[in-house]
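Worksheet: one structure, shown below.
What follows is calculated from the coordinates using simple rules that are stated; it is not laboratory data. Owing to the predicted nature of the structure, the values given are computational and were not obtained by experimental measurement. Please note: Cβ atoms are built from the backbone with ideal geometry, for glycine as well, and neighbour counts cover all protein chains shown.
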Amino acid sequence: MVTQYPHTIVITTVTDPVQDENTGLFSEGTPTQYSFKCRAERNGGAGRIIGSDGTEIIYSHSVYLPRMTTVIPVDSGFILTMGNETIRGKVKGGSNGQLNSRLWV
């Protein structure tokens, strides 16, 4: 039987630090963890994405997820589990499309 989303990705995002108006001190951002079922495909063709500053970014995997409205910031940490293989790193880009969502890691 074929499973559309056989893999799992856990993503950790951190909110921006907040400055206290009275003391001027910054408090650390709050981490939030998301867990999604997904399908990861290796970047076998030397594919690249274009970063927000116009630079080309090489990614190791395209990760397809069910359509979501959550925006995953670039540089969020991830743990991708594909059977017995586990990959850790930073998200390089993402897109929430009409039919699915996609991350490049």
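Listing for the model above:
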| item | result |
| --- | --- |
| Filter pass, ILE87 being over 11 Å from the mean Cα position of the chain (by Cα) and part of a strand (DSSP E or B) | yes |
| Residue check, SER35 within 17 Å of the chain's Cα centre (by Cα), over 13 Å from LEU103 (Cβ atoms) and exposed (fewer than 10 other Cβ atoms within 10 Å of the Cβ) | no |
| The stretch 72-95, residues that are in contact with a strand residue (DSSP E or B) (Cβ under 8 Å, 6 or more places away or on another chain), without any contact (Cβ under 8 Å) to a residue 40 or more places away in the chain and of a type in the set (S, T, N, Q) | THR86, SER95 |
| Some residue of the stretch 19-26 being outside any loop (DSSP other than H, G, I, E, B) and of a type in the set (Gly, Ala, Ser) | no |
